[in-house]
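Colleague: Mind having a look at this structure? Questions to follow.
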Amino acid sequence: MQLKFAVKNYNPIDDAKLKEFTRVVDRILGLLSAKIKNKLDIEAVIGNNSELQSHLSDDFKAKPEAFTKENIIEEFLDFLGFKKDFRGMESELKQVFGKRYPDYKLIVKQDFYVLVEAEPLNADLKKSDCGIHQVVSWITDKACTTDYGIATDGFRWFLIQYSLENHKHRIIKHVDLSPFFKEKVGFKSLLTEKEKFSLLKDFVLYFAKDYIDRSIEKEELTLDVYQEEISKKFYDEYMTLLFGNDKTKTFLLNSITGVNNLEAQRKIAQIVIDRLIFIKFIE
């Protein structure tokens, strides 16, 4: 994805947005309470991160993922600006990915979308063949044209990028919304009001339709700057190790004996250090 606009610092949270989020949390909690009748079960699921399935009423026990999608994830998707018009068609996802297709395709812009893997509440999103790993398989699929995906169990949200160049994925942002729910059912909050505000701000900036692409570009620019700094530091240390500087008298070039030609010494020194770097790279 090529994003071509200036990246600024945004603050998407005002009193109206905060109230809207609070209403969504209350609505989700109401939905959970209506379908998990026992108060102790609610406390176990929300406060102690228990698996959802064993606490659900008989009508929902067989489908904890569908329950999570309908009662939690889709409520938050609406809040984030991904109403149904901005979610890809299930028939399209089936056609592109086959039997095991993503749960959602979130359309951010005409040429940019994000795939979502939904898991039941309190599922281990880092488990093999689940959550994050499933997102990586979607965004590395040859039929896929996005490098970004989201893994979520409703409360925990991971924004993931896959780098084709490095054949690696990285988690751009992880947001855990469970403290907002724990406090509602009577558990003591471990977060200050300032920390909760920051958490909500991250949730909107990195997952909302109006902000996700800006935040991704900002992260990419930050990463580019970091990589440039690392590259410069590596080059400076490389040159110092080879040829020394004003502060060091111990370097590889002056350790080569038996060769009188300076140019030959430089070549030998460079070959030695290049081979050492290659061996380290192989390790």
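The values are calculated or read from the model by the stated rules, or taken from the named source; none is laboratory data. Worth saying up front: this structure is predicted, and the values here are computed from it rather than measured. Ideal geometry is used to build each Cβ from the backbone, glycine not excepted, and the neighbour counts take in all protein chains shown. Each accessible area value is taken on the protein alone, full model and side chains, heavy atoms only, with ligands, DNA and RNA left out. Shrake-Rupley method; radii C 1.70, N 1.55, O 1.52, S 1.80 Å.
Colleague: Which of Gln161, Gln95, Gln265 ends up with the largest GNM mean-square fluctuation for the chain, with Cα atoms connected below 10 Å?
Modeller: Gln265
Colleague: What trypsin sites (Lys or Arg not before Pro) in region 76-113 are in a loop by DSSP, with at most 10 other Cβ atoms within 10 Å of the Cβ?
Modeller: Lys99, Arg100
Colleague: Okay, next question. Taking the convex hull of the alpha carbon atoms in region 88-195, what volume per residue do you get, in Å³?
Modeller: It comes to 138 Å³ per residue, whole-number rounded.
Colleague: Another question about this same structure. Using a 1.4 angstrom probe, figure out how much accessible area the chain has per residue, in square angstrom, rounded to the nearest whole.
Modeller: On a per-residue basis, the chain sits at 61 Å².
Colleague: Per residue and in cubic angstrom, what volume does the convex hull of the Cα atoms of region 148-193 have?
Modeller: Convex hull of Cα atoms, per residue: 84 Å³.
Colleague: Just want to confirm a number: the relative contact order over region 24-80, from Cα pairs under 8 angstrom separated by 6+ residues, in percent.
Modeller: Relative contact order here is 34 percent.
Colleague: Take the Cα pairs of region 27-154, get the Kirkwood Rh, then feed it into Stokes-Einstein at 4 °C and 1.567 mPa s and tell me D in µm²/s.
Modeller: After rounding, the answer is 84 µm²/s.
Colleague: While we're here: Give the carbon-plus-sulfur fraction of the accessible surface of region 36-185 in %, rounded to a whole number; probe 1.4 Å, heavy atoms of protein chains only.
Modeller: 46
Colleague: Using helices alone, what [θ] at 222 nm do you get for the chain, with -39,500 (n - 2.57) per DSSP H run of 4 or more residues, divided over all residues and rounded to the nearest 500?
Modeller: Values: 10 runs with 133 residues, N = 283.
Calculated from helices alone, the mean residue ellipticity at 222 nm is -15000 deg cm²/dmol.
Colleague: Continuing with this model, one more query. For Val24, Val96, what's the largest-to-smallest order of accessible area, 1.4 Å probe?
Modeller: Ranking Val24, Val96 by accessible area, largest first, yields Val96, Val24.
Colleague: Here's another thing I want to ask about it. Please list His55, His133 in order of solvent-accessible area, largest first, computed with a 1.4 Å probe with all protein chains present.
Modeller: Descending accessible area places them as His133, His55.
Colleague: What residue among Leu40, Leu262, Leu200 shows peak mean-square fluctuation when the chain is described by a Gaussian network model with Cα springs under 10 Å?
Modeller: Highest fluctuation of the listed residues: Leu262.
Colleague: Dividing the Cα radius of gyration by the Kirkwood radius, what Rg/Rh value follows for the chain?
Modeller: Details: Rg = 25.2 Å, Rh = 22.1 Å.
Rounded to two decimals, Rg over Rh is 1.14.
Colleague: Something else about it: For a 32 Å ceiling on Cα separation, which of these pairs sit above it: Lys61/Lys142; Lys109/Lys188; Lys127/Lys188?
Modeller: Working: Lys61/Lys142 35 Å; Lys109/Lys188 40 Å; Lys127/Lys188 29 Å.
Distance filter (> 32 Å) returns Lys61/Lys142; Lys109/Lys188.
Colleague: To make sure I understand the rule: partners must be lysines, Cα under 17 Å from the Cα of Lys126, and not fewer than 8 residues away in the same chain. Which ones qualify?
Modeller: The qualifying lysines are Lys168, Lys173.
Colleague: Using only Cα atoms, locate the centre of region 113-183 and the centre of region 23-41, then give the distance between them in Å, rounded to an integer.
Modeller: About 25 Å separates the Cα centre of region 113-183 from the one of region 23-41.
Colleague: Here is a follow-up. Note down the Stokes-Einstein diffusion coefficient of region 60-103 in µm²/s, whole number, using a Kirkwood radius over alpha carbon pairs, 25 °C, and 0.890 mPa s.
Modeller: 210
Colleague: Tell me which lysines have Cα within less than 16 Å of Lys39's Cα, excluding those fewer than 8 residues away on the same chain?
Modeller: Lys182, Lys184
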